[in-house]
Amino acid sequence: MHPRVLEVTQRLIERSRPTRERYLALIDAAASEGPQRGRLQCANFAHGVAGCTSTTDKQRLRLMDEANVAIVSAYNDMLSAHQPYEHFPELIKQALREIGSVGQFAGGVPAMCDGVTQGEAGMELSLASREVIALSTAIALSHNMFDAALYLGICDKIVPGLLLGALRFGHLPGVFVPGGPMPSGISNKEKAEVRQLFAEGKATREQLLESEMKSYHSPGTCTFYGTANTNQMMVEIMGLQLPGSSFVNPYTPLRDELTREAARRAARMSRQGGEFMPLGRIIDEKAIINSVVALNATGGSTNHTLHIPAIAQAAGIQLTWQDMAELSEVVPLLARVYPNGKDDVNHFHAAGGVGFLVRTLLEAGLLHEDVNTVAGHGLQRYTREPFLEDGRLAWRDGSAQSLDESILRPVSRPFSAEGGLRVMQGNLGRGVTKVSAVAPEHQVVEAPARVFHDQAELAAAFKAGELERDFIAVVRFQGPKANGMPELHKLTPFLGVLQDRGFKVALVTDGRMSGASGKVPAAIHVCPEAIDGGPLARVRDGDLIRVDGIEGRLEVLVDPTDWAAREAVAAPEDKGVGCGRELFAFMRAAFSSAEQGASAFTSSLEGLK
């Protein structure tokens, strides 16, 4: 093992020991009680099986040696990624009946699309939806009828939310079931060019719409390497999905057979199945470290600097941004997938995908191999890839070489010696940046500040021709407590155009830019956030700011005496009304800082300490 990976892992184990021990004691106590439905009163049990349309299922549920598998799904047919889940429950139930088990649809969780709500009022509910999904998952499992669970979810906040909820029932075995990406549409290069032309007023709305619909064109996950596909890569490497299953396209025979096998694995991992392995024993410190290594090796979504710490905490593990950044220093960048490259996740999968990635990282000692997974003990199993042999699912050794080194490379020939994730800190607070897609000449920017209180203000200034110069955009009051921390994707085309015109530009914000952020340097998730009186609330137009992605510095270059004497500006008038935002005011007030996962559950998990 690489000494840095060992060092960070051991430090994480020691730091987490009290809370991890408490968490394991909780799930072990729950697991020791046996099948919960066997302890229900007769009327309670009757309610739990009344909806079964199969008499055989009802009879099996009366037998405590038969496994009942919960299905928790984020299906809706508005999200392209989740539309394929419509037919998964029947596949799952039939696969379980064939092995003498039962599947019950335990509950649905909401699934919103950040792509649809981008720049709209609904985006202010996006991060909060993660907490709602966790709560919905807990409600689905609260009936105590189940011996294992299948979690059907893909996109941005959905997989983290499912995991947060599932870990509170960590005594249950659990398998995550992907749906797969849509087939590739037009090239990402062409799509990005049309977006920039539209931002400059050189393309019509009709041309932009045609381009977007050729890109997002069918059921399946969007094919760029944003948060959704980072989720899939991450949960596979954490051992929560079947090997090689993340990027198999929907509505294919292989996809359907992988879904059936996920159901069978969940049943086998139950106490009745004889291979008992609860979810809380799969997600441990080593699995968390593996997820961070994979995030860095692939240049994945910066949203996971929020999600992975929150997930870790739900399992009693105290991960920090510093841990993540120290791993980034020694984990090479092995993948270039749009927006960090020109190709999409289908090309990544064809080039060797997760199997090759795991193989080369294991050989370099950068991943822990001795971990529990849904496929059995040992991460070596995840170097294999699935295929159909006479209609039956089988696995074979994955590629030992990348089939396209413009997309995926071995550790010996990386795109960069480091992952590109850094903690940014200085007198403006602490944040994170991802420099894997930022050209070296743009990684350090020193320029006057231009302050905005939302992305619409920046867009208006661009269209008015006020930004044709070097500047650093400070977009504040965008943190979790202020307005729910919406993504600020609408900034990307404008800042990208200005950078292409030769101006030195960067972004500093207490908000998010997500996994689709690209070539413009950005210090994001800055905390303390402005609404809490953080330093961003004291920045004025014209202040000289330095964003140094190489050294990880985030500083305002103002006389220290003058800076200390400044008062923070007040937050703009609260606009958190409409589109349901007022319903989430209590949650915004409860959110922790970005560094603590921007979670409403931080205080509720204090009992682990």
Can you pull out the residues in region 398-446 that are among the small types (Gly, Ala, Ser), buried (at least 19 other Cβ atoms within 10 Å of the Cβ), in contact (Cβ under 8 Å) with a residue 60 or more places away in the chain and under 23 Å from Tyr382 (Cα atoms)? Gly398, Gly419
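Residue-by-condition table, conditions (1) touching a Phe, Trp or Tyr at 6+ places or on another chain (Cβ under 8 Å); (2) part of a loop (DSSP other than H, G, I, E, B):
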| position | (1), (2) |
| --- | --- |
| Val337 | yes, yes |
| Asp343 | no, yes |
| Val354 | yes, no |
| Val358 | yes, no |
| Ser402 | yes, yes |
Options Ala134, Ala128, Ala166; residue that is more than 20 Å from Gly220 (Cβ to Cβ), buried (at least 23 other Cβ atoms within 10 Å of the Cβ), touching a residue at least 40 places away in the same chain (Cβ under 8 Å) and in contact with a strand residue (DSSP E or B) (Cβ under 6 Å, 6 or more places away or on another chain): Ala166
All but one of (1) at pLDDT below 95; (2) touching a strand residue (DSSP E or B) at 6+ places or on another chain (Cβ under 6 Å); (3) not assigned by TED's automatic domain parsing to the domain that holds Gly549 hold for Asp390; state the number of the condition that does not hold. (2)
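Kindly establish whether Gly518 is at pLDDT below 95, surrounded by fewer than 24 Cβ atoms within 10 Å (Cβ to Cβ) and under 20 Å from the mean Cα position of the chain (by Cα).
So Gly518 fits the description; yes.
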Cβ-Cβ under 9 Å pairs, at least 6 apart or on other chains, region 6-32 side closer than 20 Å to Glu329 by Cα, far side among the small types (Gly, Ala, Ser): Leu6/Gly365; Leu12/Ala312
Condition met for Leu327 (assigned to a helix (DSSP H, G or I), of a type in the set (A, V, I, L, M) and more than 19 Å from the chain's Cα centre (by Cα)): no
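Of all helices (runs of 4 or more DSSP H) completely enclosed by region 1-103, which ones contain at least 3 residues that are closer than 20 Å to Ile282 by Cβ?
Numbers: elements: 3-32, 42-49, 55-61, 88-98.
Passing ranges, in order: 3-32.
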Residues to consider are Leu583, Leu554; find the one that is hydrophobic (A, V, I, L, M, F, W, C), surrounded by 21 or more Cβ atoms within 10 Å (Cβ to Cβ) and not in a loop (DSSP other than H, G, I, E, B). Leu554
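Given the criteria of a type in the set (Asp, Glu), outside any loop (DSSP other than H, G, I, E, B) and either outside the structural domain of Asn290 (by TED's automatic domain parsing) or closer than 19 Å to Glu86 by Cα (or both), does Glu131 qualify?
Working: of a type in the set (Asp, Glu): yes; outside any loop (DSSP other than H, G, I, E, B): yes; either outside the structural domain of Asn290 (by TED's automatic domain parsing) or closer than 19 Å to Glu86 by Cα (or both): no.
Taking the combined requirement at face value, the residue does not satisfy it.
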Quick check on my filter: what residues within region 326-344 are hydrophobic (A, V, I, L, M, F, W, C), over 19 Å from Thr492 (Cβ atoms) and in contact with a Ser or Thr (Cβ under 9 Å, 6 or more places away or on another chain)? Leu333, Leu334, Ala335
What is the number of the single condition among (1) within 23 Å of Arg168 (Cβ to Cβ); (2) within 23 Å of the chain's Cα centre (by Cα) that Gln83 does not meet? (1)
Residue that is nearest to Val547 (Cα to Cα) [pool: residues in region 486-515 that are surrounded by fewer than 23 Cβ atoms within 10 Å (Cβ to Cβ) and of a type in the set (A, V, I, L, M)]: Leu498
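Checking the conditions here, which among Ala294, Ala325 is surrounded by 24 or more Cβ atoms within 10 Å (Cβ to Cβ) and hydrophobic (A, V, I, L, M, F, W, C)? It would help to see each step written out before you state the result.
On the way: Ala325 fails: surrounded by 24 or more Cβ atoms within 10 Å (Cβ to Cβ).
Of Ala294, Ala325, the one residue that is surrounded by 24 or more Cβ atoms within 10 Å (Cβ to Cβ) and hydrophobic (A, V, I, L, M, F, W, C) is Ala294.
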Being in contact with a helix residue (DSSP H, G or I) (Cβ under 7 Å, 6 or more places away or on another chain), under 19 Å from Glu329 (Cα atoms) and part of a loop (DSSP other than H, G, I, E, B) is the filter here, so list the residues in region 273-302 that pass it. Gly300, Ser301
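Of the residues Arg15, Arg39, Arg62, which single one is more than 25 Å from Leu96 (Cβ to Cβ) and not aliphatic (A, V, I, L, M)? Talk me through it step by step, then tell me what you get.
Values: Arg39 fails: more than 25 Å from Leu96 (Cβ to Cβ); Arg62 fails: more than 25 Å from Leu96 (Cβ to Cβ).
One residue alone meets the criteria, Arg15.
The values are calculated or read from the model by the stated rules, or taken from the named source; none is laboratory data. What you see is a predicted model; the values in this text were computed from it and never measured. Glycine gets a Cβ as well: all are built from the backbone with ideal geometry, and neighbour counts include every protein chain shown.
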